[in-house]
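Undergrad: Sharing a structure below in structure tokens format, with a few things to ask.
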Amino acid sequence: MNRQTARPKLPIDLTLFAATVALVVLGLWMVLDSSYVKTLESARAGNDAFFFVRRQANGALIGLAALFAMMRVGYWKLRGGAVAGMIVGLILLYAVKIPHIGVSLNGAARWIKLGPIQFQPSELAKLLLIVYIAALLSRPHCRVRFLGAEGLMPSLIVIGITLLLIEREPDLGTAVVLFLAVMTQLFLAGARKRHIGLICAVCAVVVLAIGFGNRGMTHRDGRITAFLHPTEHKKGLGFQVYHARLAIGSGQWIGEGMGRGREKYFLPQGNSDFIFATYAEETGFLGCLLLIGLMGVVGWRGFRIATATKDRFGMLLAAGISSLISWQALINMAVATGSIPATGVPLPFISDGSSSLILLLASVGILLNIAQHPTPPPVTVDSEKVFDPRGNASMKDRGLYARGG
């Protein structure tokens, strides 16, 4: 019989929870503020000023339910379903190309529609890959400092397949964010720096080869051209980047005032990928400090949770989720300020997109669960063989690998 040793449950991390809720509330306001003018004039949106924010609010409610659900399910149980979850994620990523299931919009096939439900598989795949890599690298005999079959190779194969499917949607921005997150996991797991450097170099070459080998993907060429020459193309390819920079610059110290921004009338994606520009114009530098501070709190608490847990799987999972949120926020803000070419990456918790919001809140629920259980319950087998929460087989039988939960 398996027996679990009860472990004390720590209080909820109120700092992380409060920062997350604040970001969700701020996001709902910004989605309404940046979209109501367009929806009032859109017959497709039913001339409804609340079209986007109503959808976002539904996503927030579902996401909060997912957050509380993940807080109640021991995070160590995710290890057992990591392989099956990754398989499902890969199938869904491929399904976006299947007629009558995948949905294409503006030349991109990133959505799946099942009856009344439409969602982005890449958002789910991001979390599933983070869980899978954490499970793989926390195996008791994983030689993370080697590239062979017993080391990083299995992880790299799955990472490569996932990123390729996302890039082919095409969604290079999401692929880049996810790549940076899993590289952070590999680094914290103890992978050699030269191996990580080699992986990054190979991926850079592959991206360049794809870019030069697919000159028909004019949207990528246009984004690079607009980044390099924003003023020259302000009425064409660089229209959105140019107006985003105008919005941020006009915000100055305290902004134009909530709801008083002007550039949102010109930004086609002012409620999604470029929502930070709208926010910066209306709240100014001080408002941006508040938003960046809240994002920083979420990232900081996530990494603090990772360092506090005694479970290797929990550490890598918390670090992966925290790095995913942090990298995504950083890249979105860099795009809006014109620091890097446009990537199509939403601002976490703020940009319009219910699929992203739901998965982000579920991810925060996992972080809160790890914070409450820094040591998962071990499993005792025959009173002698136990699971070491640090990821190593222990006691008499070093070959045993018993999963907690």
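Undergrad: May I ask which of Lys9/Lys193; Lys77/Lys310; Lys9/Lys77; Lys126/Lys264 have a Cα-Cα span longer than 27 Å here?
TA: The pairs that break the limit, which is 27 Å between Cα atoms, are Lys9/Lys193; Lys126/Lys264.
Undergrad: Once you put a point 7 Å from the Cα of Glu150 and another 7 Å from the Cα of Arg54, both along the Cβ direction, what distance in nm separates them?
TA: So the two model labels end up 6.0 nm from each other.
Undergrad: Now, a different point. Peptides 128-135, 321-328, 168-175: what's the order by average Cβ count within 10 Å, highest mean first? Before the final figure, lay out each step's value.
TA: Numbers: 128-135: 26.8, 321-328: 25.1, 168-175: 21.6.
Taking the mean over residues of other Cβ atoms within 10 Å, the ranking is 128-135, 321-328, 168-175.
Undergrad: Turning to a different aspect of this structure: Cα gyration tensor of segment 64-217, axes a ≥ b ≥ c as square roots of the eigenvalues: rounded (a/c below 1.5), prolate (a/b > b/c) or oblate? Show your work: numbers first, answer last.
TA: Values: a/c = 2.30, a/b = 1.14, b/c = 2.02.
Cα axes put segment 64-217 in the oblate bin.
Undergrad: Tell me the label-point distance for the pair Leu105, Phe239, using the 7 Å Cα-to-Cβ offset, in nm and rounded to one decimal.
TA: 1.9
Undergrad: So the label point goes 7 Å from the Cα of Val37 along Cα→C-beta, right? Which residues of segment 255-275 then have their backbone N under 12 Å from it?
TA: Only 259-268, 270-271 fall inside the zone, counting backbone N under 12 Å.
Undergrad: Arranged by the count of other C-beta atoms within 10 angstrom, fewest first, what order do Asp273, Asp48 take?
TA: Numbers: Asp273 25, Asp48 13.
In increasing order of surrounding Cβ atoms, one gets Asp48, Asp273.
Undergrad: Using Cβ counts within 10 Å as a stand-in for footprinting exposure, how do Ile12, Ile98 rank, fewest first? All intermediate terms of the calculation are to be shown ahead of the outcome.
TA: Working: Ile12 13, Ile98 10.
With the fewest neighbours first, Ile12, Ile98 line up as Ile98, Ile12.
Undergrad: Obtain the nm distance between the two label points defined at Met258 and Lys310 by a simple spin-label model: each point lies 7 Å from its Cα along the Cα-to-C-beta direction.
TA: So the two model labels end up 4.5 nm from each other.
Undergrad: Something else about it: For every other residue with a beta carbon closer than 13 angstrom to the beta carbon of Pro154, add +1 if it is Lys or Arg and -1 if Asp or Glu, then tell me the sum. Walk me through the intermediate numbers first.
TA: Values: positive: Arg139, Arg143; negative: Glu150.
Computed value for this residue: +1.
Undergrad: Calculate the dipole size of segment 3-386 relative to its Cα centre from +1 charges on Lys and Arg beta carbons and -1 charges on Asp and Glu beta carbons; express the result in debye to the nearest 20. Could the numbers behind the result be given before it?
TA: Numbers: 35 positive and 20 negative charges, 187 e Å.
Charge dipole of segment 3-386: 900 debye, to the nearest 20.
Undergrad: Right, something else. Using 1/(1 + (r/R0)^6) with R0 = 25 angstrom and r between the beta carbons of Ile117 and Cys200, what's the FRET efficiency to the nearest 0.05? All intermediate terms of the calculation are to be shown ahead of the outcome.
TA: Working: r = 37 Å, r/R0 = 1.46.
So, using R0 = 25 Å, E works out to roughly 0.10.
Undergrad: Listing Ser356, Ser42 from the residue with the fewest other Cβ atoms within 10 Å to the one with the most, what is the order? Mind dumping the intermediate values first?
TA: Values: Ser356 26, Ser42 13.
Lowest count first: Ser42, Ser356.
Undergrad: For every other residue with a beta carbon closer than 11 angstrom to the beta carbon of Glu169, add +1 if it is Lys or Arg and -1 if Asp or Glu, then tell me the sum. List each step's numbers first, then the result.
TA: Details: positive: Lys97, Arg110, Arg168; negative: Glu167, Asp171.
Result for the local shell: +1.
Undergrad: Over the Cα atoms of segment 3-386, Rg to Rh with Kirkwood Rh, two decimal places?
TA: Details: Rg = 21.3 Å, Rh = 21.8 Å.
Result for segment 3-386 is an Rg/Rh of 0.98.
Undergrad: On a full-extension model of 0.36 nm per residue, what is the gain between Tyr265 and Ala18, subtracting their alpha-carbon distance, rounded to one decimal in nm?
TA: Extra length available between Tyr265 and Ala18 comes to 85.7 nm.
Undergrad: Per-residue counts of other Cβ atoms within 10 Å, averaged by peptide: what ranking do you get for 302-312, 248-258, highest first?
TA: Values: 302-312: 20.1, 248-258: 15.7.
The most tightly packed comes first, giving 302-312, 248-258.
Undergrad: What is the sum of charges around Ile199, taking Lys and Arg as +1, Asp and Glu as -1, for the other residues whose C-beta is under 14 Å from the C-beta of Ile199? Don't skip to the answer; put the middle values down first.
TA: Values: positive: Arg145, Arg192, Lys193, Arg194; negative: none.
Summing Lys/Arg as +1 and Asp/Glu as -1 gives +4.
Since every read-out is calculated from the coordinates, none of them should be taken as a lab result. The structure presented is a predicted model; accordingly, all values stated were derived computationally and were not measured. When we count neighbours, we look across all protein chains shown, and the Cβ atoms used for this are built from the backbone with ideal geometry, even at glycine.
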